[in-house]
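**Q** The structure follows.
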Amino acid sequence: MQFTIAIDGPAAAGKGTISRAIAQHLGAAHLDTGLLYRAVGMKTGDPVEIARTLSAQDLAREGLRTVAAGEAASRVAVNPQVRAALVAFQRDFARREGGAVLDGRDIGTVICPQAEVKLFVTASPETRAMRRWQETGEGSYDEVLEQVRIRDARDMERADAPLRPAEDAVVLDTTDLSIEQAIAQAQAVIAERL
Ligand code: C5P
């Protein structure tokens, strides 16, 4: 069986945790596409060339989950040539036998517009900053909130593949949900559509 589940949303809304849980539940493959941009952002050299030659090993490097890597990712992610160079990798992954769950910013809108299920996972900036701060233990809450706001603005205002829900996406706001509740709601949406 082949199917694609696209899960988009801003940083720290819960999409990574939800995506992993769903992939595990369905026995499908999971790709955190943010890792592609993080890996490109953290390497030195021409980002377009790095994106063209990116390998699966690059995605397993240490340090890709740091705040600095997220910042570096969002800076290279505004480059249309970088984005174009990463399309084939993501589309190949999406066609895997056994199903695929991809999470990112533009999966439902650009990478996999034909996905069987599209979810847009979001939460208030304050809630996302608190989660990110508790998870990374880096800096102060106020600094993390500021970084979340800057990253949201950069992701939503870029000309190429801006962050926004696809027209046919189901929006899941996790602000007042526990992670278990968020996963249960996502699973209910998927069960209705697959
Ligand atoms: O999801 P994550 O925080 O790892 O993403 C880091 C950055 O990579 C995002 O802020 C965004 O700028 C970029 N990104 C993107 N498109 C994706 C995934 C991530 O532009 N599909």
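**Q** Looking at LEU172, LEU145, can you tell me which residue is part of a helix (DSSP H, G or I) and modelled with pLDDT of 95 or more?
**A** None of the other options fit; the residue is LEU145.
**Q** Next up: Could you count how many residues in the stretch 23-42 are closer than 21 Å to GLU116 by Cα and either among the charged types (D, E, K, R) or touching a Lys or Arg at 6+ places or on another chain (Cβ under 7 Å) (or both)?
**A** So the answer is 3.
**Q** Among (1) in contact with a helix residue (DSSP H, G or I) (Cβ under 9 Å, 6 or more places away or on another chain); (2) touching a residue at least 12 places away in the same chain (Cβ under 8 Å); (3) within 20 Å of ASP8 (Cβ to Cβ); (4) surrounded by fewer than 19 Cβ atoms within 10 Å (Cβ to Cβ), where does ARG52 come up short?
**A** Status for ARG52: all satisfied but (3).
**Q** Can you find a residue that is under 21 Å from ILE183 (Cβ atoms), away from the ligand (no atom under 13 Å from the Cβ) and in contact (Cβ under 8 Å) with a residue 60 or more places away in the chain anywhere in the stretch 83-97?
**A** The initial filter retains those residues of the stretch 83-97 that are under 21 Å from ILE183 (Cβ atoms), namely none.
No, the stretch 83-97 contains no residue that is under 21 Å from ILE183 (Cβ atoms), away from the ligand (no atom under 13 Å from the Cβ) and in contact (Cβ under 8 Å) with a residue 60 or more places away in the chain.
**Q** What's the number of the condition THR4 fails, among (1) closer than 15 Å to ALA85 by Cα; (2) in contact (Cβ under 8 Å) with a residue 60 or more places away in the chain; (3) away from the ligand (no atom under 11 Å from the Cβ); (4) hydroxyl-bearing (Ser, Thr, Tyr)?
**A** (1)
**Q** Inspect all residues belonging to the stretch 98-111 and state whether any of them is in contact with a His (Cβ under 8 Å, 6 or more places away or on another chain), of a type in the set (D, E, K, R) and near the ligand (Cβ under 8 Å from one of its atoms).
**A** Yes: one or more hits.
**Q** Now a separate question. Out of ALA77, ALA68, ALA28, I need the residue that is at pLDDT 95 or above, among the aliphatic types (A, V, I, L, M) and within 13 Å of the ligand (Cβ to nearest atom). Which one?
**A** Going through ALA77, ALA68, ALA28 in turn, the sole match is ALA77.
**Q** If you don't mind, there's one more thing I want to ask. Only residues that are surrounded by fewer than 19 Cβ atoms within 10 Å (Cβ to Cβ) and either polar (S, T, N, Q) or outside any helix (DSSP H, G or I) (or both): list them for the stretch 150-169, please.
**A** Within the stretch 150-169, ARG158, ALA159, ASP160, PRO162, ARG164, PRO165, GLU167, ASP168 meet the criteria.
**Q** Within the set of pairs 6+ apart or on separate chains, which have a first residue in the stretch 157-176 that is within 22 Å of VAL78 (Cα to Cα), a second that is surrounded by 19 or more Cβ atoms within 10 Å (Cβ to Cβ) and among the hydroxyl-bearing types (Ser, Thr, Tyr), and C-beta atoms under 6 Å apart?
**A** So the pair list comes out as ALA166/THR109.
**Q** If I ask for residues that are buried (at least 19 other Cβ atoms within 10 Å of the Cβ) and either touching a helix residue (DSSP H, G or I) at 6+ places or on another chain (Cβ under 9 Å) or not in a helix (DSSP H, G or I) (or both), which ones from the stretch 17-30 would you list?
**A** Within the stretch 17-30, ILE18, SER19, ALA21, ILE22, LEU26, ALA28, HIS30 qualify.
**Q** Okay, next question. Restricting the stretch 31-56 to residues that are assigned to a helix (DSSP H, G or I) and over 17 Å from GLN81 (Cβ atoms), which is nearest to the ligand (Cβ to nearest atom)? Steps first, please.
**A** We begin by selecting, within the stretch 31-56, every residue assigned to a helix (DSSP H, G or I); these are 34-42, 47-52, 56.
Narrowing the set further to residues that are over 17 Å from GLN81 (Cβ atoms) leaves 34-35, 38, 42, 56.
Working: GLY34: 2, LEU35: 6, ARG38: 6, MET42: 11, ALA56: 17 Å.
Looking at the filtered set, the residue picked out is GLY34.
The values are calculated or read from the model by the stated rules, or taken from the named source; none is laboratory data. These figures come from a predicted structure and were not determined experimentally. Heads up, the Cβs are rebuilt from the backbone with ideal geometry, glycines too, and the neighbour counts pull from every protein chain shown.
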